[in-house]
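The values are calculated or read from the model by the stated rules, or taken from the named source; none is laboratory data. Every value quoted in this text rests on a predicted model; they were computed, and no experiment measured them. Here the Cβ positions follow ideal geometry from the backbone for every residue, glycine too, while neighbour counts run over all protein chains shown. Ligands, DNA and RNA are stripped out before the accessible areas are found, and what is left, the full protein with its side chains, is counted by its heavy atoms. Shrake-Rupley method; radii C 1.70, N 1.55, O 1.52, S 1.80 Å.
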Amino acid sequence: MHSEPFHKNSYSTQNFWDLLSQEEPGLRRMAKAMHAGDDFEAESAYLAYQRERNAPVLSWIHSSVEHSEKRRSAFDFFKEIPEHLTWHDKRHGKELISLEKGTTSHRLEGIKPSPFSVVELAELLLDNKVMLVYHPEDGVQDLGPHWNWEHVPPEGGQGRRWTLSLPYQYFLFALAQAYWATDDDRYIAKLVWIYSHYIDYVDNRSDWIWLPDMQLARCYLQLMPFILSWKDLPSRDYCRLRHWLATTCAQSMEGVESAPGNQIFFNGLGILWLGVGMPEFARS
């Protein structure tokens with residue numbers, strides 16, 4: 001596994017541009033802005049390109065399980081599994097998302113009712129409180145206003161797993177789906193704040209805090225339709241996410257030389273997700 005710190009990949013518009021396939025026809029507006037030295041216009045052009053292009057066909061959904069109770073125990077509150085999802089689907093998002101109470105999934109006790117709906121989970125996150133539905137024994141945990149990614153719950157639950165489970169960030173789906181269900185910008189703004197905070201936090205960290213690269217490659221790409229549907233999305237925040245996926249996240253997976261069990265296979269799957277989901281990058 002990893003033995004070196006995850007290398008910091010400082011974002012700049014130029015560094016980002018250098019990663020892209022600059023002959024891609026859809027990026028001509030961005031190319032013109034780069035030539036003029038207009039970073040804001042270049043980032044805005046990239047965001048516009050993402051919204052105008054045909055979205056890659058990926059199994060966006062967090063869980064492939066058909067049964068809705070099981071899916072709700074994985075932060076997936078869609079009533080049915082869409083075949084393909086784009087940011088345009090926000091127009092009828094209220095019809096797609098269940099506002100019923102969710103479920104939890106315990107390794108030993110199985111599926112049980114949760115006291116929280118998708119909106120209630122999102123409200124907790126606005127208050128910097130996290131309920132990991134696959135660790136219900138730990139209850140709701142307060143990470144504080146600056147988000148302590150090293151938080152470990154008090155003794156009594158499975159707190160030792162939090163440093164593994166929390167960075168998966170599957171809880172971001174609660175914010176994403178609550179945004180579509182309610183059209184409340186606070187939820188999607190918090191989602192963007194959390195991923196931006198994590199990107200800043202994990203850079204130059206050693207492997208004492210695991211960067212779950214394959215999980216995040218999949219999770220963040222599945223969240224793209226929700227993020228792109230926010231009309232007030234800051235273009236720089238979006239570009240920084242794509243840059244991080246193409247650098248720190250991809251390099252982390254490429255740097256793994258050995259791993260137990262099936263992790264090498266899933267490492268390759270994560271790289272495949274990035275290649276298919278971000279074809280505008282030169283290395284895809």
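Assorted remarks:
- Selection from L58, H151, L269 lying farthest towards where the dipole of the chain points positive, charges on Cβ: L58
- Whole-Hz couplings from phi, Karplus 6.51/-1.76/1.60, listed for region 123-131; x for Gly and Pro: 5, 4, 5, 4, 9, 6, 10, 10, 10
- For the chain, size of Cβ-based charge dipole, Lys and Arg +1, Asp and Glu -1, in debye: 340 debye
- Think of each Lys and Arg Cβ as +1 and each Asp and Glu Cβ as -1; about the Cα centre, that makes the dipole of region 86-184 roughly 280 debye.
- Principal-axis tilt of helix 235-244 within the chain, Cα atoms, nearest 10 degrees: 80 degrees
- Contour minus Cα-Cα distance for K70 and H35 (0.36 nm per residue): 7.5 nm
- With both labels modelled 7 Å from their Cα along Cα-to-Cβ, the L99 to D185 distance reads 2.2 nm.
- Between 0 and 90°, nearest 10: helix 39-52 axis offset from the chain longest Cα axis: 70 degrees
- Those GluC sites (Glu not before Pro) in region 121-184 that DSSP places in a loop and that have at most 15 other beta carbons within 10 Å: E150
- Dipole magnitude for region 23-175: about 280 debye, using +1 per Lys or Arg Cβ and -1 per Asp or Glu Cβ, origin at the Cα centre.
- Helix 185-202 vs. the chain, principal-axis angle (Cα, 0 to 90°, nearest 10): 80 degrees
- Under 30 Å from K190, Cα to Cα: lysines that are on another chain or at least 8 residues apart: K8, K70, K79, K90, K94, K101, K112, K129, K231
- All-pairs Cα distance distribution in region 163-203, expressed in whole percent, bin size 10 Å: 30, 49, 20, 2
- With K and R counted +1 and D and E -1, the other residues having a Cβ less than 11 Å from that of G277 yield a net charge of +1.
- Reachable aspartates and glutamates from K32, criterion Cα separation under 17 angstrom, eight or more residues apart if same chain: D18, E23, E24, E41, E43, E280
- Rolling a 1.4 angstrom probe over the protein heavy atoms with all chains in place gives the chain an accessible area of 47 Å² per residue.
- Considering only F40, S73, W244, the residue lying farthest towards the positive end of the dipole of the chain is S73, judged by Cα position with unit charges set on Cβ.
- Cα shape, region 98-234, gyration tensor, a/c 1.5 rule: oblate
- Spacing of the modelled spin labels on Q22 and Y201, each 7 Å from Cα toward Cβ, amounts to 3.6 nm.
- Cβ-defined net charge surrounding P225, 9 Å radius [Lys, Arg +1; Asp, Glu -1]: 0
- The chain - percent of accessible surface contributed by carbon and sulfur, probe 1.4 Å: 51 percent
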